[in-house]
Amino acid sequence: MNRTFQREVRPLPALAGLLTLALLSALPAAAQQPRSVPLDKPITIKQSKPKGQYEKFQGTVMHANNVQITVRGIENELAIRTFPLSREAAGKMEQIINRGGYQYGDKVTITYDPVTQQAVKIKGKPSRPL
C-alpha cells in the first residue's frame, strides 16, 4: 500500500501572525510621541568673538577724502582696496585734510573691521601738501 502523506495547511496561525505584525508596525514608537515641554527660560547661545577683532592692510594712498580712502597694497600692487571711514576715523581724517591731507604715494596702515570693511584707524604720516 502506497500511502502519500499530505500536509495540512492551516492558514489560521500564519494569518494571525501577519495580522499581529501589521498592527504592531502601525503603532507609533514612544520616541515619536510629541512631548510638551514648557519653555520658561529663553535659550541662550554664546556668540564667540573672533581673535584680533580688526585686521590691517598696508599700502600706499591713491586717493583720500573725509568719507573714504583708496589704497594700493604694498605686497601685492594689484590689490587696490577702498575703505569707507568710521565716524571716528572720518573726524580724524577731517583734521588731516585741514593740514593738507594724504597725497598720492603716502604709506599708510589701515586697521579695518573685516565684517563691514570699514576703516577704524589710519596710521601713517601725510606728506607735505603741494
Q.
Go through the range 68-77 and report how many residues are within 27 Å of the chain's Cα centre (by Cα) and exposed (fewer than 12 other Cβ atoms within 10 Å of the Cβ).
A. 1
(Q) Can you confirm whether residue 115 is open to solvent by less than 30 Å² (accessible area, probe 1.4 Å) and aliphatic (A, V, I, L, M)? (A) no
Q. Taking the range 78-104 on its own, how many of its residues are within 35 Å of the chain's Cα centre (by Cα) and of a type outside the set (Lys, Arg)?
A. 15
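Do we find that residue 92 is surrounded by 14 or more Cβ atoms within 10 Å (Cβ to Cβ) and among the basic types (Lys, Arg) in this structure?
Judged against the criteria, residue 92 is a match.
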Q | Out of 59, 101, sole residue that is surrounded by 14 or more Cβ atoms within 10 Å (Cβ to Cβ) and more than 17 Å from residue 129 (Cβ to Cβ) | A | 59
Q: Report those strands (runs of 3 or more DSSP E) wholly inside the range 49-130 carrying at least 3 residues which are touching a residue at least 24 places away in the same chain (Cβ under 8 Å) and in contact with a helix residue (DSSP H, G or I) (Cβ under 7 Å, 6 or more places away or on another chain).
A: 119-123
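The values are calculated or read from the model by the stated rules, or taken from the named source; none is laboratory data. Note that the coordinates shown come from a computational prediction; the quantities given were computed from them, not determined experimentally. For neighbour counting, all protein chains shown are included, and Cβ atoms are generated from backbone atoms with ideal geometry for every residue, glycine included. Side chains are part of the model used for accessible areas, which takes the heavy atoms of the whole protein and leaves out ligands, DNA and RNA. Shrake-Rupley method; radii C 1.70, N 1.55, O 1.52, S 1.80 Å.
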